[in-house]
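Participant: Shown below is the structure under consideration.
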Amino acid sequence: MSAAINIQKCSRCKSDAVIFQAYSGQHLCGRHLHSSIRKKTSKELRNQLNLPKNAVKEDGSRYKILVAISGGKDSAVLLSMIVDIIGKRRDIEIIAGCVDEGIDGYRSPSLKCARDLAEDLDIKFETVSYEEMDYERMDEVVSRIPTIGSLHQEANGMMPCSFCGVFRRQSLNFLAEKVGADVMALGHNLDDMAQSVLMNLQKGEIDRTVRLAPHTKIPIQGLIPRIVPLRWIPEQEIHAQAIQANLPIYHGDCPHAPGAMRQQSRTIVADLESLTPGARHGLLHSLDQIRNLHLQAYPDSKQEVKKCSKCGEITSKEICQSCVMKKWLTETA
């Protein structure tokens, strides 16, 4: 006979637990996991949005929140939580936006999940493709990366995510401007944030660290502010919540992601968390401390940026990285 499986009980009730929070020492059932995530998300929305009781603007239009969704678990939980917490407010309009990068076998099914979720929640759904943005489909970009690297030293060793990240940001900016969004919500979880902090610090890029979302206290001129309401919630908990809530999510991984620097940081952060539960929280607290120290040192500072001389998008250089990459692609067509 097989041994009986010992299922832990929830630390807050007698129901079966679905997850264990090593950093808190608690086992949580589906109901209390949802409650925990909702409480943290609600707190971050209050901290990051600073909404008045009536957010209707002088022209009578509602305050618009563009929620960037991809069909994955993080953005699905993000959208469902935002709708649950503030979706009934008549002074706010929530819009879901998705970028089609052009990745065969990956984007089509995930785009369907994103659309289904928006429909289930009765949320307006907008999408834009790389072709509409005058980029190449990502599958085509990947096929040209070796040639681009041989022609340009700057591009030598670049991974697909370097191109896709630049094009995706520009595409989301386009969507935000198209719908007239006042703010954009991103589904970055605790693991994502900890990885970003680690990657920036190991390269000594303090300015880039300060620029990480949310942009509530230090706005970036010319850029629609980003908020990250899920930033204190571990990826594992978000995955469990998506399953418990039966949200339409795509479980596949991008075929072009392996080898990216973030994948290395993902492993490092996971190992740190395994050795010292709470390490991810510590990295994110470090970000907040660095940001606060920066504000104290430069209380009147604004993150000034230039405008690209070619396309007019914001950039830290004369020509934005998107236009540079477009040129590389044109050369190798």
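Throughout, read-outs are computed from the coordinates displayed, never taken from laboratory work. Just so we're clear, the structure is a prediction, and the values are computed from it rather than from any experiment. Don't worry about glycine lacking a Cβ; one is built from the backbone with ideal geometry, like all the others, and counts go over all protein chains shown.
Participant: Considering only DSSP beta bridges where both residues belong to the chain, give the percentage that are antiparallel (nearest 5).
Facilitator: Close to 25 percent.
Participant: Among all the lysines, which ones have a C-alpha under 19 Å from LYS327's C-alpha, if same-chain residues fewer than 8 places away are not counted?
Facilitator: By straight Cα distance, LYS327 reaches LYS307, LYS310, LYS317.
Participant: Measuring from centroid to centroid over Cα atoms, what is the spacing of segment 185-220 and segment 245-314 in Å?
Facilitator: 4
Participant: Also: Determine which lysines satisfy two conditions relative to LYS124: a Cα distance under 18 Å, and not lying fewer than 8 residues away in the same chain.
Facilitator: Qualifying lysines at Cα under 18 Å: LYS64, LYS88, LYS112, LYS178.
Participant: Please order LEU272, LEU293, LEU78 by the number of other Cβ within 10 Å, starting at the fewest.
Facilitator: Lowest count first: LEU293, LEU272, LEU78.
Participant: Can you give the helix-only mean residue ellipticity at 222 nm for the chain, where every DSSP H stretch with n ≥ 4 adds -39500 (n - 2.57) and the sum goes over all residues, rounded to the nearest 500 deg cm²/dmol?
Facilitator: -15000 deg cm²/dmol
Participant: Looking only at Cα atoms, what is the convex hull volume of segment 248-293 per residue, in Å³?
Facilitator: Roughly 136 Å³ of hull volume per residue.
Participant: Going through the cross-link list LYS57/LYS203; LYS9/LYS73; LYS73/LYS203, which pairs have a Cα-Cα distance over 31 Å in this structure?
Facilitator: LYS57/LYS203
Participant: Sequence gap at least 6, Cα distance under 8 Å: using those rules, report the relative contact order of segment 41-299 to the nearest whole percent.
Facilitator: For segment 41-299, the relative contact order is 24 percent.
Participant: Can you give the Rg and Dmax of segment 74-195 based on its C-alpha atoms, in angstrom?
Facilitator: Rg then Dmax for segment 74-195, in Å: 16.6, 55.
Participant: Mind sorting HIS188, HIS285 by how few other Cβ atoms lie within 10 Å of their own Cβ, fewest first?
Facilitator: Starting with the residue having the fewest Cβ neighbours, the order is HIS285, HIS188.
Participant: Compute the Rg/Rh shape ratio of segment 1-63: radius of gyration over Kirkwood radius, all on alpha-carbon atoms.
Facilitator: Result: Rg/Rh = 1.32.
Participant: What is the spin-label model distance, in nm, from GLU177 to SER316 if the labels are put 7 Å beyond Cα along the C-beta direction?
Facilitator: Reported label-point gap for GLU177 and SER316 is 2.1 nm.
Participant: Semi-axes, largest first, in whole Å: what does sqrt of 5 times each Cα gyration tensor eigenvalue give for segment 213-333?
Facilitator: Semi-axes, largest first: 31, 25, 16 Å.
Participant: Loop-only check: which GluC sites (Glu not before Pro) in segment 266-322 are DSSP coil with at most 14 other Cβ within 10 angstrom?
Facilitator: Qualifying residues, ordered by number: GLU304, GLU318.
Participant: So what are the three principal axis dimensions of the chain from its Cα atoms, in whole Å, longest to shortest?
Facilitator: 65, 58, 45
Participant: Using the scaling law 2.2 N^0.38 Å as the reference, what is the normalised Cα Rg of segment 44-133?
Facilitator: 1.19
Participant: Work through the residues other than GLN263 whose Cβ is under 14 Å from its Cβ and net out their charges, Lys, Arg +1 and Asp, Glu -1.
Facilitator: -3
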